[in-house]
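Please read the structure below before turning to the comments.
Please treat every number below as a calculation from the coordinates, not as lab data. Computed from a predicted structure; not experimentally measured. Every residue, glycine among them, receives a Cβ derived from its backbone with ideal geometry; neighbour counts consider all protein chains shown.
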C-alpha cells in the first residue's frame, strides 16, 4: 500500500478466491487479508479473478500455451462455469468487485472466455502484443513482462508475485517507479481511451516470437541445470 500511494498507482490485483495450492501458502493466514483487499480496491486497484482454487490439475491446451497443466484450460464447460461463478460469488461476498480475469499459469481456453462473458467479465489480463486488442469477445490487456523493463512505446503489463518477491526485487521495483511512475496507467483509462481494435497479424507475429523466446530460455535453463 505505501508504494501504491507514493507513486499513485492503480494496478491489477489478482486474487484467488478459495486458495488450495500449497505452493501459495508461504505464511500463516492473515486475518486482515480481505479488509486489506477492500482498502486497495477503494484506493483504485482493479480486482482480478485469479482462477478459483489455483489447483492446476487439468491437462489442456491454453490459448497462451506456456504450461502443460493448468486449472481451467481443457476443463469441461460446466466445471469452468461452476468455478467462475463460485469465485466471483466469494469475492463479491467479501465486498470486492472483480472486473477482469487473470488465469493461473496463463491457462484458459475459448470455453473459459465464453463462460466469463456469460458472467459479465469482458476483459482479461493476458496475451502477448504491444497494445490492447479485442479477440473472442473480450478485451485483452497484454501481459508480457515479469520484471520492470523500460519500453519506448506500447502498453506493457508487469506480472509480479507479491507472495514470493524478494527484498532485492522490491528495491528494483522502487527504483524503477521513481524513474517511470508517470508512464503507468490504469485499467479504467485503458478501456476508456484506448481504441478498441481486433487482433491483428502483427499481434499474432509478436505472440509467436515471444512464445518462442520464452521456450528457448526455458530450454537453456534446463540444459544448464543438467550440466551442473
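When you count the other C-beta atoms within 10 angstrom of each residue and take the mean per peptide, 92-105, 182-195, 140-153 line up highest first as 92-105, 140-153, 182-195.
Note on the range 93-228: antiparallel DSSP beta bridges, both residues inside, total approximately 35 percent of the bridges counted. Between residue 147 and residue 161, residue separation times 0.36 nm minus the direct Cα-Cα distance comes to 4.0 nm. Here the sum of -39500 (n - 2.57) over DSSP H runs of 4 or more residues, divided by the residues of the chain, equals -12500 deg cm²/dmol at 222 nm, to the nearest 500.
DSSP beta bridges fully contained in the range 1-158 are about 30 percent antiparallel. Taking other Cβ atoms within 10 Å as a rough exposure proxy, 86, 164 sort from fewest to most as 164, 86.
Modelled spin-label separation between residue 176 and residue 194, with each label point placed 7 Å from Cα along the Cα-to-Cβ direction: 1.7 nm. The length gained by stretching the chain between residue 214 and residue 26 to full extension, at 0.36 nm per residue less their Cα-Cα distance, is 65.0 nm. Computed from the C-beta positions of residue 3 and residue 201, the FRET efficiency with R₀ = 35 Å rounds to 0.35. Measuring nothing but how far apart in sequence close Cα pairs (under 8 Å, 6+ apart) lie, relative to its length, the chain scores a relative contact order of 17 percent. Once you reduce the range 1-26 and the range 72-133 to the center of their Cα atoms, the two points are 17 Å from each other. With a ≥ b ≥ c the root eigenvalues of the C-alpha gyration tensor of the range 91-145, is it rounded (a/c under 1.5), prolate (a/b larger than b/c) or oblate? Prolate shape, in that a/c is at least 1.5 and a/b is the bigger ratio.
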